[in-house]
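The values are calculated or read from the model by the stated rules, or taken from the named source; none is laboratory data. As the structure is a computational prediction, the values presented were derived from the model and not from experiment. Using ideal geometry, Cβ is built from the backbone for each residue, glycine included, and neighbour counts are taken over all protein chains shown. Surface accessibility is based on the protein's heavy atoms, side chains included, excluding ligands, DNA and RNA. Shrake-Rupley method; radii C 1.70, N 1.55, O 1.52, S 1.80 Å.
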Protein chains: 2
Amino acid sequence: MHPAYQLSDQATIFSPALVFFPALIKQNINRVVEMAGGPARLRPHVKTHKTVEIVKLLLEAGVTKHKCATIAEAEMLAHAGAPDVLIAYPLVGPNIQRACELIRKYPGTTFSALIDDATATRALSATMAAAGRTIGVVLDLDVGQHRTGIAVGPGALALYELAGQLPGLRLDGFQLYDGHNSQPDRAEREQAVRAFIKPVLDLRAAAEAKGLPVPRLVCGGTPSFPVYAAMTDVPGIECSPGTFVLHDAGYGPKYADLAGITPAAVLVTRVISRPTPNRVTLDLGNKAVAADPLLEKRVTLLDFPEYKTVGHNEEHLIVETAGADAYKPGDVVYALPGHICPTVALHHHVLVAEGGKVVGKWDVASRVRTLTV
Amino acid sequence: MHPAYQLSDQATIFSPALVFFPALIKQNINRVVEMAGGPARLRPHVKTHKTVEIVKLLLEAGVTKHKCATIAEAEMLAHAGAPDVLIAYPLVGPNIQRACELIRKYPGTTFSALIDDATATRALSATMAAAGRTIGVVLDLDVGQHRTGIAVGPGALALYELAGQLPGLRLDGFQLYDGHNSQPDRAEREQAVRAFIKPVLDLRAAAEAKGLPVPRLVCGGTPSFPVYAAMTDVPGIECSPGTFVLHDAGYGPKYADLAGITPAAVLVTRVISRPTPNRVTLDLGNKAVAADPLLEKRVTLLDFPEYKTVGHNEEHLIVETAGADAYKPGDVVYALPGHICPTVALHHHVLVAEGGKVVGKWDVASRVRTLTV
């Protein structure tokens, strides 16, 4: 495993624990800034880490634009001093009033949110206008994931035009989130992006021809980040990767063009039982490491003999290995999560390690759904 | 859906939210007490709800014996006044010292923990004896799940005998956790239990013949609960179901012999997008409802047309249905989680509803891993 992960004080760590390595986090931020050609082309997603401390590292690296999915994340960003926050989520129900309250409470931050529906856009406008506030709206374009967003075409243009006419709204550009693009091969991933970006650029031109400003294209996540980062021929692109800052065993080995980005969050777990000759049971259940990946990809045990994950319950991870005899209850094992983002959200705080030992802890401040708003 | 779930104030609920219904929780507790033949034959597992308020409802129902998996859960139980707490988990590393500290801090509570390994048992004894404390030890018998525990046989007897000789330990009985018994058919489930209980009773007789007390057999979870509850011919059985108190869409329809136990926790979610003619996207991602069940079983939408879950990300649940046109952004939908226990742990607090509206909130107090110890 990476030599930075080895902790000389591991015997005192309560397990299971999630440990962040700020030196590696800074390295990942620097690498992404470098790949993007500077911090101005970045709008990283906070959902991966949900911590004030990493927001501050990003601000120190010159990153002024940020993206989030929840009102609590937006408030944490604003409270940490982020000047530009996109709530990359459609606002419905009480979240409209909550966004309005964020704008009132944090005048130093410019907020925007996604739109993909005329009725919801009118509701957003009505609340903002009634409160005398303005929120930026970013047109959420469905470029193939079919999760949220409106298809690229005349309907999208009409919605953007409508938003431009409604009070309390400010046209802030388009979002193109292509979470479906997970081709390991860079050329294939790039080809997929190139296939949908042409109609998006036509849409932008059509909007601008109508006098509707499109100040930005907020593009992609971590897998497609290298593609957008290199697409310097398209003006207005803001790359919005999230996972990169901590990285994980899911993305790490899969994308060769993410070389230079290193997993910066490690799980510390202990053997709790050796129930059979070839089984090792660890205290790393699905309340400590996220269960959304397939069973065999949830956890990568480090410096561990070849194994197969055969069970994962709330407080237990069961693996089978011919090398089980080397392990006894109490032994410490290091692991990478298969998916870091929901794993972080399982932890109240994370430990922070520097120079091979734990030096502090950071609250996962916006894992809650409500801060003050 | 159950008429109790409908909330007249749903428009004001921040979504996604988890809502508990105390009237149904009390009904579930009463039903389980009735099935067990009284509270003395119960040792419910706290991991499902992690809330002080439900511990108090159990105490009010006469339940004095409790079970948990983490030190934080144990402390929450003790702080709430539970007189008898089994930490149903092997103690290794710093958790041994933490358990010692719990015993010091909560003299009104009797604590015990699992053992399945001689070296770990000696370590537990050494720390307890050095501190002048005593902890109960419950021999964890592997009755077929092969997750933790020691095989029923001479090795198990030898370990129990060793524990009886070591200072700082008190022999507190056996645990038989059969998480692998999930046969929907009651007769098959009962047959599976009967198959392993005979050797366990022989082991108990052998231990008692050596003068080693075996004051209890802590048996099963929720699926096998009805079997143990009815097994009144075996003295010393303590039934330790957990899920029953809140229940869910995973266990609810599967086990006919759990009739009378009603899901008492419901998710409130909203439509956030209608990206395609047959898709409805909800704000119920895997940071709000647990992802350990298979995709199609993670969530059961209530009073919703026939649908198929096609995607689940951190903040999005995507379903396909021919009835999508009836839904628009902002609409409220009620849902049952496929697995309530890890779902509760995703929430900082839960809303509490009585008489068709939200009347308060309960902290999920032991979703953290450390309270004061």
task = Name the residue, out of B:197, B:237, that is under 24 Å from the mean Cα position of the chain (by Cα), under 25 Å from residue A:311 (Cα atoms) and of a type in the set (Val, Ile, Thr).
result = B:197
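Out of A:157, A:162, A:141, A:171, which single residue is of a type in the set (A, V, I, L, M, F, W, C), open to solvent by less than 10 Å² (accessible area, probe 1.4 Å) and outside any loop (DSSP other than H, G, I, E, B)? Write out each step before concluding.
Working: A:157 fails: open to solvent by less than 10 Å² (accessible area, probe 1.4 Å); A:162 fails: open to solvent by less than 10 Å² (accessible area, probe 1.4 Å); A:171 fails: open to solvent by less than 10 Å² (accessible area, probe 1.4 Å).
None of the other options fit; the residue is A:141.
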ask   = Scanning the range B:271-286 for residues that are more than 8 Å from chain A (Cβ to nearest Cβ) and open to solvent by 10 Å² or more (accessible area, probe 1.4 Å), which turns out farthest from residue B:20 (Cα to Cα)?
value = B:277
key: Hey, residue A:346 among the hydrophobic types (A, V, I, L, M, F, W, C) and within 13 Å of another protein chain (Cβ to nearest Cβ) or not   = yes
task = Tell me, yes or no, whether the range A:122-135 has at least one residue that is within 12 Å of another protein chain (Cβ to nearest Cβ) and within 26 Å of the chain's Cα centre (by Cα).
result = yes
key: Subset of the range B:338-373 (residues that are under 18 Å from residue B:71 (Cβ atoms) and either of a type in the set (Phe, Trp, Tyr) or outside any helix (DSSP H, G or I) (or both))   = B:345, B:363, B:364, B:368, B:369, B:370, B:371, B:372, B:373
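To keep it simple, each residue is scored yes or no on (1) among the acidic types (Asp, Glu); (2) farther than 30 Å from residue B:123 by Cβ; (3) touching a Lys or Arg at 6+ places or on another chain (Cβ under 7 Å); (4) in the same structural domain as residue B:340 (by TED's automatic domain parsing).
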| residue | (1), (2), (3), (4) |
| --- | --- |
| B:35 | no, yes, no, no |
| B:72 | no, no, yes, no |
| B:79 | no, no, no, no |
| B:85 | no, no, no, no |
| B:95 | no, no, no, no |
query = Out of curiosity, is residue B:255 among the hydroxyl-bearing types (Ser, Thr, Tyr), more than 30 Å from residue A:288 (Cα to Cα) and open to solvent by less than 10 Å² (accessible area, probe 1.4 Å)?
reply = no
message = Given the options A:229, A:205, name the one that is more than 20 Å from residue A:335 (Cα to Cα), open to solvent by 10 Å² or more (accessible area, probe 1.4 Å) and more than 14 Å from chain B (Cβ to nearest Cβ).
response = A:205
note = Taking first residues from the range A:245-270 that are more than 14 Å from chain B (Cβ to nearest Cβ) and of a type in the set (Phe, Trp, Tyr) and second residues anywhere that are assigned to a loop (DSSP other than H, G, I, E, B) and surrounded by fewer than 21 Cβ atoms within 10 Å (Cβ to Cβ), the pairs with Cβ under 7 Å that are 6 or more apart or on different chains are A:255/A:184
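May I ask you to list the residues in the range A:309-340 that are of a type in the set (Gly, Ala, Ser) and either within 8 Å of chain B (Cβ to nearest Cβ) or within 23 Å of residue A:263 (Cα to Cα) (or both)? Let's see the steps before the verdict.
Step one: of the range A:309-340, the residues of a type in the set (Gly, Ala, Ser) are A:311, A:322-324, A:326, A:330, A:335, A:338.
Those that are of a type in the set (Gly, Ala, Ser) and either within 8 Å of chain B (Cβ to nearest Cβ) or within 23 Å of residue A:263 (Cα to Cα) (or both): A:311, A:330, A:335, A:338.
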ask   = Taking the range B:295-308, which residues are within 13 Å of another protein chain (Cβ to nearest Cβ) and farther than 23 Å from residue A:344 by Cα?
value = B:297
task = Would you mind finding the one in B:193, B:200 that is outside any loop (DSSP other than H, G, I, E, B), in contact with a Ser or Thr (Cβ under 8 Å, 6 or more places away or on another chain) and under 23 Å from residue A:313 (Cβ atoms)?
result = B:193
query = Conditions: (1) open to solvent by 20 Å² or more (accessible area, probe 1.4 Å); (2) hydrophobic (A, V, I, L, M, F, W, C); (3) within 14 Å of another protein chain (Cβ to nearest Cβ); (4) within 21 Å of residue A:84 (Cβ to Cβ). Residue A:151 meets all but one. Number of the miss?
reply = (4)
ask   = Which of (1) in a loop (DSSP other than H, G, I, E, B); (2) assigned by TED's automatic domain parsing to the domain that holds residue A:327 does residue A:215 not meet, given it meets every other one?
value = (2)
inquiry  = Going residue by residue through the range A:291-299, is there one that turns out to be at pLDDT 95 or above and touching a Phe, Trp or Tyr at 6+ places or on another chain (Cβ under 6 Å)?
reply    = no
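Of these, A:60, A:34, A:75, which one is in contact with a helix residue (DSSP H, G or I) (Cβ under 8 Å, 6 or more places away or on another chain) and of a type outside the set (Ser, Thr, Tyr)? Give the steps one after another, and end with the answer.
Values: A:60 fails: in contact with a helix residue (DSSP H, G or I) (Cβ under 8 Å, 6 or more places away or on another chain); A:34 fails: in contact with a helix residue (DSSP H, G or I) (Cβ under 8 Å, 6 or more places away or on another chain).
Checking each option against the conditions leaves just A:75.
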query = What number of residues in the range A:287-310 are farther than 18 Å from residue A:323 by Cα and either over 27 Å from the mean Cα position of the chain (by Cα) or crowded, with 24+ Cβ neighbours inside 10 Å (or both)?
reply = 7
